[in-house]
Amino acid sequence: MKMIDTHHHFWKYSTKEYGWISDSMKVIRRDFLPPDLEKTLKDAGVDGAISVQARQSVEESDWLLGMAEKNKFLLGVVGWVDLRSKDVDKDLERLAKHKKFKGVRHVVQDEPDDNFILGAAFNEGIKKLIKYDLRYDILIFEKHLKDSIAFVDKHPRQMFVLDHMAKPRIKDRVLSPWRENMIELAKRPNVYCKISGMITEADWQKWTSADLAPYLDGAMEAFGPKRLMFGSDWPVMLVAGQYKPWVELVKKTISRYSKDEQERILYKNAVEAYKL
């Protein structure tokens with residue numbers, strides 16, 4: 001069964017560019033580039049991957065596209081542009097000429113304004129994505145889910161992909177209101193959800209599959225096999241676990257579904273959502 005990892009990052013590490021990588025995350029204080037990922041994917045039986053921005057710069061979008069063009073296993077890029085800029089069309093038009101440029105993302109979770117996602121200028125930028133057939137990846141914490149539902153409702157024709165299941169509070173074992181808000185968000189048919197980034201929301205040293213189960217169940221209840229996608233958040237995930245065991249955990253979790261439904265989660269939904 002084919003597999004696509006819909007969420008990974010590359011970087012050339014520097015303390016200036018990646019200040020968010022704290023002392024407790026020193027295992028990822030090094031470069032992560034295509035040869036590293038290619039070996040990781042091969043060892044786990046994963047066929048390809050989508051690169052996602054880690055810095056908020058157009059230059060990084062170009063850098064990711066350059067690597068994608070040289071590596072067939074890199075199937076697409078979700079980059080960054082300043083969606084609040086009046087000149088955003090220029091960047092979108094140029095980047096969208098690349099076949100592997102599939103969408104954009106903003107690090108909403110780090111914005112000091114909890115209501116950032118409903119900002120007027122930001123939403124004007126989101127409106128422009130349809131013209132270029134681009135997706136928008138939603139990166140938020142659980143606390144932003146209600147605003148994100150209102151945000152999606154402003155753009156009923158735009159395709160959205162929710163990253164990391166909205167980062168539920170797994171370490172604190174808090175299920176509500178995350179579960180209820182996920183069910184509400186999933187009522188919007190233009191939203192897909194990535195099963196990714198979970199183990200870094202749990203206790204990095206002590207998490208077990210039982211800790212993750214209620215949240216995996218909640219995402220599956222909300223979105224079902226037709227709009228869930230496998231992802232990893234490599235190499236960030238390495239602070240809490242290894243790649244291949246994560247792949248196997250997801251496979252085991254979705255084994256309750258039919259073979260066709262499993263294939264949708266592992267491969268087909270990514271092709272559909274990102275037009276790979």
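Annotations
- When peptides 138-145, 42-49 are ranked by their average number of other Cβ atoms within 10 Å per residue, the highest-first order is 138-145, 42-49.
- Protection proxy ranking for 163-175, 22-34, using the average of other Cβ atoms within 10 Å per residue and placing the highest first: 163-175, 22-34.
- Within the straight-line cut-off of under 15 Å between alpha carbons, the aspartates and glutamates reachable from K128 are D82, D87, D89, D91, E93, D137, sequence neighbours fewer than 8 places apart in one chain being disregarded.
- The Rg/Rh ratio for the chain is 0.93, where Rg is the radius of gyration of the alpha carbons and Rh is the Kirkwood radius.
- Pairs spanning more than 30 Å between alpha-carbon atoms, out of K12/K187; K99/K206; K72/K171; K26/K259; K206/K252: K12/K187; K99/K206; K72/K171; K26/K259.
- Classification of segment 1-109 by its C-alpha gyration tensor yields an oblate form. The axis ratio a/c (a ≥ b ≥ c) is 1.5 or more, and b/c is at least a/b.
- Each peptide in 76-87, 179-190 receives the mean, over its residues, of other Cβ atoms within 10 Å, and ordering these scores from highest gives 76-87, 179-190.
No value in this document is a laboratory result; all are computed from the given coordinates. Please read all numbers here as calculations on a predicted model, not as lab measurements. Here the Cβ is made from the backbone with ideal geometry for all residues, glycine too, and neighbour counts use every protein chain on show.
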